[in-house]
Structures are given as structure tokens and as C-alpha cells.
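The next block holds one structure in the form of C-alpha cells; read it before the comments.
The values are calculated or read from the model by the stated rules, or taken from the named source; none is laboratory data. Everything quoted here is computed from the prediction, not taken from an experiment. Don't worry about glycine lacking a Cβ; one is built from the backbone with ideal geometry, like all the others, and counts go over all protein chains shown.
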Amino acid sequence: MEADRHQPGAFTLVVDGTPQSHVSLESPEYLSFEYVRRIGHGIDLVAPEREPITAVHLGGGAFTLPRYIAATRPGSRQQVVELETDLVDFVREHLPLPKDAQVRIRHGDARAVLAKLPLGLKGTVDVVVVDVFSGARTPAHVTSMEFYTQLAALLKPTGILAANVADGAGLAFARRQAATLSAVFGNVALVVDPQVLKSRRFGNVVMFASDDLLPFDRLPRLVASDPVPAKVVAGAELAEFIADAPVVTDQTAVPSPPPARSIFQVKPGADR
């Protein structure tokens, strides 16, 4: 856990040399990482401002988004699934969750825990966030059509899935993920840095999916005005992006590609 030298009261969680989460204890509504801010915009639009929601997070890290929802939507009910028990204990010790945050933490593999979630959650969840990484790669078993179908069952009719997809040159992995989500959900949109979209650098592609129309009329303006501007890809442009990319199944799933060590890897104590 490293203190942010530019923002008092803020910290970055680094796991195996890879920055995983940024948290501001004093301002939990502040989202530092680009892709997390983009997911935050989607969460902002899923329901009227300040209205409590039900959220499920696959991948905990330092609980940046659960803190954000607790701060911006008081009274929200949240479930977080995190594999690393030691990581959860470490974060709770150094960056404790607010006492009034209704966040239930469940330990275990994201896909295995899905089958153990309370039956009452089925069909009631407003937002499912998928941000599962082993090191700097997403494991194969949380990228398939079967996996996303399980998540779709959790969502209410207007619910939204938000997935963080990391990819590099050619964006072959991201294209397959977009194809897979489109095979499960009626509506899909991507939010991505134009330079990443042009395959000029490794980066994150945030994917939103829902069976209902995505409530994202304001999203293009929001992401375009961020410190690192992004664009929304949907409709015909999304179909062009997917092209002939195949749908991923449990039999064909592979982990996300590894980034070059120079992209995310940092040494403990390094100045960011």
C-alpha cells in the first residue's frame, strides 16, 4: 500500500508490482484510474442521483467502486467477491471500509461464488462489475458465454453489467469479449481511449451490457470530458469493431494477453 504523493489521504494498492486500486479515504467519490472512472460514469447513470442500488462486484482490490457507490448512493446493498483472503484482510487493516457501508465480502473464486449467492439476489441486481485479474491478466473461466449467462440471471430487467477488459495490439481479445457479451445481452456498448481503439497501445476497454436499452445518452459527453478522454462505441460501430470475432465458450476461453512489464509494473516506493 503506497501513499499518493500528490493527493493527501489517498493510496494505491500494488499487487505483485501491478497497481490494482486507488482509494481516497477523504474523497471516496474521486476515481483516479481511467477505466474505474468510466465504470463510475455508467454506475451514475443506472438510476437517479443518490438513489440506492444493489451491486455485485467480482474482484475486490481495495474496494474502490464499493466505496464510491456507498458515498454517492447511500443505503446501497453491495456484495464483493474476492479470491485473496489475505488481500482483503490487508486492505481492511490499512483502508477500512466506512462503518455505514452495506458491503458484504465473500471469499472465493468469482465464478464458484456466483452459485452460492443468495437466491433472493436473482433478478434484483442493478449493476454487476467484473474486474477479475490474476496479476495483470483476466483468467479464462470468467470470459465465456456461460459465465456471462450466469451474471445475466442476477440482473434486473434494466440492470447493467460492466466489465473491465485489458488488451493490446489488434484488440483480438476485446473483440471476442464484445462478441460474447452481444451473444448474451440485447445491448452492448464500449468505452475506450481512441488510441487503444486504434490498437496503438495496450489499455483497458470498459464494456457495458444490458437486456434493456442502456441509459447512456449522457455517457459520450461524460467520458469525452475526462482527464483522459474516451469515446463510446455502440451500434453499427460496435458491429464493425466485432467483425467476425468468435463468441467465447468455456471450451475456447483463454486468459487476457499479458501486458509488457513496462506498462503496469512498478517498483515498491516508486514515484507515480
Fill in: Residues (touching a residue at least 60 places away in the same chain (Cβ under 8 Å), assigned to a loop (DSSP other than H, G, I, E, B) and not aliphatic (A, V, I, L, M)) located in the stretch 42-67
59, 61
Worksheet entry | Output for the stretch 2-17, where each listed residue is under 22 Å from the mean Cα position of the chain (by Cα) and of a type in the set (A, V, I, L, M) | 10, 13, 14, 15
Worksheet entry | helices (runs of 4 or more DSSP H) within the stretch 161-270 that include 2 or more residues over 26 Å from residue 43 (Cα atoms) | 261-264
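Scan the stretch 153-166 residue by residue and report those that are surrounded by 19 or more Cβ atoms within 10 Å (Cβ to Cβ) and either modelled with pLDDT under 95 or farther than 21 Å from residue 20 by Cα (or both). Write out each step before concluding.
Let us first name the residues in the stretch 153-166 that are surrounded by 19 or more Cβ atoms within 10 Å (Cβ to Cβ), namely 154-155, 159-166.
Across the stretch 153-166, the qualifying residues are 154, 155, 159, 160, 166.
For the stretch 11-42, give me each residue that is more than 23 Å from residue 162 (Cβ to Cβ) and surrounded by 19 or more Cβ atoms within 10 Å (Cβ to Cβ).
Keep residues of the stretch 11-42 that are more than 23 Å from residue 162 (Cβ to Cβ), which gives 11, 14, 16-17, 25-26.
Matches in the stretch 11-42: 11, 14.
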Response to the item:
Out of (1) closer than 18 Å to residue 100 by Cα; (2) at pLDDT 95 or above; (3) not polar (S, T, N, Q), the one residue 25 does not meet is (2)
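Name the one entry in 25, 97 that is in contact (Cβ under 8 Å) with a residue 40 or more places away in the chain and touching a strand residue (DSSP E or B) at 6+ places or on another chain (Cβ under 8 Å). Can you show your working first?
Working: 97 fails: in contact (Cβ under 8 Å) with a residue 40 or more places away in the chain.
Exactly one of 25, 97 is in contact (Cβ under 8 Å) with a residue 40 or more places away in the chain and touching a strand residue (DSSP E or B) at 6+ places or on another chain (Cβ under 8 Å), namely 25.
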Worksheet item: Hey, any hits in the stretch 188-204 for a residue that's over 18 Å from the mean Cα position of the chain (by Cα), at pLDDT 95 or above and either closer than 24 Å to residue 169 by Cα or surrounded by fewer than 21 Cβ atoms within 10 Å (Cβ to Cβ) (or both)?
Response: no
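Out of the residues in the stretch 93-102 meeting the condition of being closer than 16 Å to residue 26 by Cα and among the charged types (D, E, K, R), tell me which one is surrounded by the most Cβ atoms within 10 Å (Cβ to Cβ). Give the derivation first.
Going through the stretch 93-102, the residues closer than 16 Å to residue 26 by Cα turn out to be 94-101.
Of the ones still in play, those that are also among the charged types (D, E, K, R) are 99-100.
On the way: 99: 5, 100: 8.
Among those that are closer than 16 Å to residue 26 by Cα and among the charged types (D, E, K, R), it is 100.
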Worksheet item: When the stretch 54-80 is examined, which residues are found to be of a type in the set (A, V, I, L, M) and surrounded by fewer than 21 Cβ atoms within 10 Å (Cβ to Cβ)?
Response: 71
Practice prompt. Mind listing whichever residues of the stretch 128-152 are out of contact with any Ser or Thr (no Cβ under 8 Å at 6 or more places or on another chain) and either free of Cβ contacts under 8 Å to residues at least 40 places away in the same chain or surrounded by 22 or more Cβ atoms within 10 Å (Cβ to Cβ) (or both)?
Written response: 128, 129, 130, 131, 142, 147, 149, 150, 151
Discussion item. For the stretch 28-41, give me the residue count where each residue is of a type in the set (Phe, Trp, Tyr) and in contact (Cβ under 8 Å) with a residue 40 or more places away in the chain.
Written reply: 1
